[in-house]
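See structure below.
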Amino acid sequence: MSNLESILTENRIFPPNPAFSARARIDSKAAYDRLVAEAEADYEGFWARLAREFVTWDTPFSTVLDAHRAPHYRWFTEGRLNASVNCIDRHLPTKANKIALIAEADDGSVRHISYQQLHDQVAQLANGLRSLGIAQGDRVIIYMPMIPEASIAMLACARIGAIHSVVFGGFSAEALRDRINDTGARLIITADGGMRGGRAVPLKAAVDKAIEAGCPSVEKVVVYERIGNACLTEGRDIAWATLTAAQPSTCPPVMVEAEHPLFLLYTSGSTGKPKGVQHSTGGFLVNACMTNAWVFDLTDDDVYWCTADVGWITGHSYVTYGPLALGVTQVMFEGIPSYPDGGRFWQMIERHKVSVFYTAPTAIRALMKLGDAIPAQYDLTSLRLLGTVGEPINPEAWMWYHRVIGAERCPIADTWWQTETGAHMIAPLPGAIATKPGSCTLPLPGIIADIVDDEGNPVGHNQGGNLVIKKPWPSMIRTIWGDDARFARSYFPEKLKGYYLAGDSARRDDDGYFWIMGRIDDVLNVSGHRLGTMEIESALVAHPKVAEAAVVGKPHEIKGEAVVAFVVCKGERPQGAEAEAMVNTLRDWVAEQIGPIAKPDDIRFGDNLPKTRSGKIMRRLLRGIAIGELPQGDVSTLENPAILEQLLGK
Ligand code: WT7
């Protein structure tokens with residue numbers, strides 16, 4: 001509700017900065033309207049034009065959109081291409097020596113990697129992977145810190161047509177094992193560890209643990225030595241340096257069909273099992289390029305920095321593939337915003353003269369809390385555009401970002417999209433669209449977004465409803481790996497007339513601006529990371545002392561949402577010191593099962609959970625209890641009303 005209220009009172013509007021518009025690709029509302037009209041008049045023609053403009057094809061496509069197997073839409077069939085060629089080789093004739101990556105390590109040391117060097121390193125690793133028998137269609141797990149080698153590993157897979165699946169380095173060995181087994185990966189690329197906030201984060205140890213627990217498909221593990229602690233298992237593991245040392249620095253790329261999966265990326269849904277979102281090569285690149293060009297307006301002179309980890313979709317579309325495909329210079333950062341102090345981001349912007357900066361509301365809120373004096377110590381005048389992603393940004397944080405970081409000069413692109421959409425869907429084109437704090441503004445040209453009721457009928461202005469995309473777009477999810485039925489059920493439910501269901505609720509104001517209100521399913525958004533409540537419940541119930549668990553979210557000042565778990569233990573309900581110990585045990589347990597990001601902030605024990613007579617847990621009531629309110633309204637269907645007071649701790 002607080003979200004809704006702040007939205008209702010928000011009527012500030014910021015027209016595009018004329019100086020920005022003057023040099024922007026899309027420089028006016030009229031230019032935006034023309035693109036929207038172009039897509040409306042000839043949808044396939046519009047996307048075909050962009051696909052030809054932004055992507056280099058080895059074999060041209062003739063079909064634009066093939067809907068025969070809808071909702072498994074196919075784009076640019078017959079077209080053949082290679083993603084690494086698009087990200088590297090095509091730039092070499094004109095900018096071999098241009099810096100592709102400015103990689104700043106946790107300790108502040110910096111490596112500069114040119115497009116030529118990137119090419120050579122990708123080729124060497126790709127040749128190395130080939131020498132290990134990895135071929136087109138094989139799955140490769142990448143479990144790496146935020147260092148250039150993470151992108152190099154992704155591009156090396158793409159070069160030989162192997163399908164990568166990056167697993168965020170913060171996920172546990174258990175979560176890693178599930179993903180390895182779901183993909184049936186033959187090979188894992190990892191590092192001995194990474195550095196974050198001055199501390200070594202082990203990665204290889206988790207890989208060893210996952211494989212020990214059972215990953216029958218894994219044949220080889222490639223280990224990049226980052227922290228000087230690589231223990232190699234004889235016969236299975238090989239050091240990155242050893243594998244690449246004698247390899248030539250050219251590697252003929254495999255030209256794959258446009259629909260060939262470029263990668264799988266796991267994300268949470270409303271059931272316990274994470275979904276392996278499958279993306280294509282051709283369509284994915286088209287939207288990745290188009291949005292980096294239009295929303296971030298990236299040009300040859302920009303120094304771009306996206307703070308996302310490659311373990312998330314943002315790191316795929318806005319670190320590895322999109323910016324490199326446009327041939328820009330970008331900063332890549334291994335560490336965290338608070339180390340060695342809360343000025344790190346601003347110091348790095350000054351140091352590397354960052355012009356386009358993309359981060360998450362949770363980071364903005366955390367840094368805002370530290371006050372204006374810290375960013376004031378740094379020269380941020382290189383900035384010309386700011387972006388946010390991952391969750392709704394509250395107007396207060398938006399205004400701070402605008403005023404203190406952007407000096408009221410930089411437009412803010414609040415970009416709404418998802419793992420499944422592959423690229424921005426609703427976001428301001430900064431030279432064209434006026435912004436409103438807290439709104440992701442208008443759909444991009446070619447993206448037909450709407451808000452509908454549960455039957456697929458449009459709702460009126462200012463009414464909440466389901467956010468849908470009415471027409472397929474090139475970078476859309478192709479399927480859930482190994483589960484076509486779940487794909488269709490989750491994203492194209494029958495009632496919705498063939499629309500793509502995003503799983504978010506939203507409303508549109510009188511100007512047609514979109515305001516995202518939250519998820520409609522059992523999915524939480526913690527610090528911009530998607531967590532399924534069922535996933536955390538499954539982890540809790542897997543503990544030998546837990547009989548039952550229910551997880552809900554509650555608003556959190558910095559994280560957006562915090563995880564609250566209601567737990568019924570086997571035997572007596574723990575109380576006092578015993579309950580405290582159990583809370584710690586379960587928090588650690590969840591960290592081990594999924595990863596530290598999923599740790600509940602709050603765990604409450606009860607003799608039971610509030611249930612209907614048919615045994616369904618009443619989460620609506622638990623959400624109230626989580627914020628300390630005894631639920632008002634209808635509790636007549638509740639089997640055991642007394643349980644509410646117990647869970648509330650009264
Ligand atoms: C969910 C997707 C997209 C990359 C990062 C998260 C929420 C994302 C915004 C935004 C409001 C947003 C939505 C969406 N979300 N961006 N700008 N405003 N909400 O990717 O893990 O696939 O999560 O994040 O709820 O459905 P993801």
Subject >> Gyration tensor (alpha-carbon) shape descriptor, the range 153-293, a/c threshold 1.5 >> reply: oblate
Original post:
What is the distance in Å between the Cα centres of the range 491-506 and the range 117-138?
Top reply: 39 Å
Original post:
What is the antiparallel percent of DSSP beta bridges lying wholly in the range 86-169, to the nearest 5?
Top reply: 55 percent
Original post:
Can you give the translational diffusion coefficient of the range 24-82 in µm²/s, computed by Stokes-Einstein from the Kirkwood radius over Cα pairs at 10 °C and 1.306 mPa s?
Top reply: 123 µm²/s
**OP:** Any chance you could list the semi-axes, whole Å, largest first, of the equivalent ellipsoid that the Cα gyration tensor gives for the range 247-335, using √(5λ)?
**Re:** 23, 19, 15
**OP:** Just the number, please: carbon plus sulfur as a percent of the accessible area of the chain, 1.4 Å probe, no ligands or DNA/RNA counted.
**Re:** 51 percent
Subject >> Heavy-atom accessible area ranking, 1.4 Å probe, most first, across 618, 348 >> reply: 618, 348
Original post:
Taking R0 as 25 Å, what's the FRET efficiency between residue 645 and residue 542 from their Cβ-Cβ distance, rounded to 0.05?
Top reply: 0.30
Original post:
At what distance in nm do the modelled label points of residue 97 and residue 227 sit from each other, each positioned 7 Å from its Cα along Cα→Cβ?
Top reply: 3.8 nm
Original post:
Heavy-atom accessible area per residue, the chain, 1.4 Å probe: how many Å²?
Top reply: 37 Å²
Original post:
Out of every Cα-Cα pair in the range 1-151, what percent are more than 24 Å apart?
Top reply: 63 percent
Original post:
Out of residues 5 or more away from residue 224 or on other chains, whose amide H comes under 5 Å of its own, with H placed 1.01 Å from N in the peptide plane?
Top reply: 190, 191, 192, 240
Original post:
Taking the radius of gyration and the Kirkwood hydrodynamic radius from Cα positions alone, what is the Rg/Rh ratio for the range 451-537, to two decimal places?
Top reply: 0.99
Subject >> the range 305-339 versus the range 362-430: alpha-carbon centroid distance in Å >> reply: 15 Å
Original post:
Looking at the square roots a ≥ b ≥ c of the eigenvalues of the Cα gyration tensor of the range 607-650, which shape do they give, rounded for a/c under 1.5, prolate if a/b is larger than b/c, or oblate?
Top reply: prolate
**OP:** Taking amide H positions as placed in the peptide plane 1.01 Å from N, state which residues far from residue 526 in sequence (5 or more) or on other chains have amide H under 5 Å from it.
**Re:** 531
**OP:** Round to a whole angstrom and tell me the spacing of the C-alpha centers of the range 435-460 and the range 221-256.
**Re:** 46 Å
Subject >> Which of 16, 51, 37, positive extreme of dipole for the range 12-67 (C-beta unit charges) >> reply: 16
Subject >> Point-to-point label distance, residue 107-residue 557, nm (Cα→Cβ direction, 7 Å offset) >> reply: 3.5 nm
Subject >> About the Cα centre, charge dipole magnitude for the range 564-612 (Lys/Arg +1, Asp/Glu -1 at Cβ), debye >> reply: 200 debye
Subject >> Inter-label distance for residue 494 and residue 373, nm, one decimal - labels placed 7 Å from Cα along Cα-to-Cβ >> reply: 6.4 nm
Subject >> J(HN,Hα) series, the range 327-339, from Karplus relation 6.51 cos²θ - 1.76 cosθ + 1.60, nearest Hz, glycine and proline x >> reply: x, 9, 8, 9, 8, 10, 10, 7, x, 10, x, 9, 10
Original post:
In the range 129-222, what percentage of the DSSP-assigned beta bridges are antiparallel, given to the nearest 5?
Top reply: 25 percent
Original post:
How large is log10 I(q)/I(0) at q = 0.12 Å⁻¹ when the Debye formula is applied to the Cα atoms of the chain, each weighted equally and without solvent?
Top reply: -1.38
Original post:
Size of the dipole of the range 528-650 about the Cα centre, Lys and Arg at +1 and Asp and Glu at -1 on the beta carbon, nothing else charged, in debye to 20?
Top reply: 300 debye
Original post:
Near the amide H of residue 139, under 5 Å away, which other amide H atoms are found, from residues 5 or more places off or on another chain, if H is placed in the peptide plane?
Top reply: 163, 186
Original post:
Hey, which of these cross-link pairs are over 21 Å Cα-Cα: 204/559; 273/611; 209/570; 554/599; 570/611?
Top reply: 204/559; 273/611; 209/570
Original post:
Taking the Cα centre of the chain as the origin, how large is its charge dipole in debye, to the nearest 20, when only Lys and Arg (+1) and Asp and Glu (-1) carry charge on their Cβ atoms?
Top reply: 360 debye
Original post:
Is the shape of the range 79-227 best called rounded, prolate or oblate, per the rule: a/c under 1.5 gives rounded, else a/b larger than b/c gives prolate, else oblate, with a ≥ b ≥ c the square roots of the Cα gyration tensor eigenvalues?
Top reply: oblate
Subject >> Note, ³J(HN,Hα) from phi for the range 560-575, Karplus 6.51, -1.76, 1.60, rounded to Hz, x at Gly and Pro >> reply: x, 9, 10, 8, 10, 10, 10, 10, 10, 8, 6, x, 5, 6, x, 9
Original post:
Across the range 511-516, in residue order, what do the Karplus-derived ³J(HN,Hα) couplings come to in whole Hz, using 6.51 cos²θ - 1.76 cosθ + 1.60 with θ = phi - 60° and x for Gly and Pro?
Top reply: 8, x, 6, 8, 10, 6
Subject >> Qualifying aspartates and glutamates (Cα of each under 17 Å from Cα of residue 495; at least 8 residues distant if same chain) >> reply: 450, 453, 454, 455, 504, 521
Subject >> Antiparallel DSSP beta bridges within the chain, as percent of all bridges there, nearest 5 >> reply: 60 percent
**OP:** Quick one: go through the range 123-163 and flag any residue whose amide nitrogen is under 18 Å from the point 7 Å out along the Cα-to-Cβ line of residue 239.
**Re:** 125, 128-129, 149
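The values are calculated or read from the model by the stated rules, or taken from the named source; none is laboratory data. Here the structure is a predicted model, which means the values were calculated and not measured. Heads up, the Cβs are rebuilt from the backbone with ideal geometry, glycines too, and the neighbour counts pull from every protein chain shown. Side chains included, ligands, DNA and RNA excluded: accessible areas come from the protein's heavy atoms. Shrake-Rupley method; radii C 1.70, N 1.55, O 1.52, S 1.80 Å.
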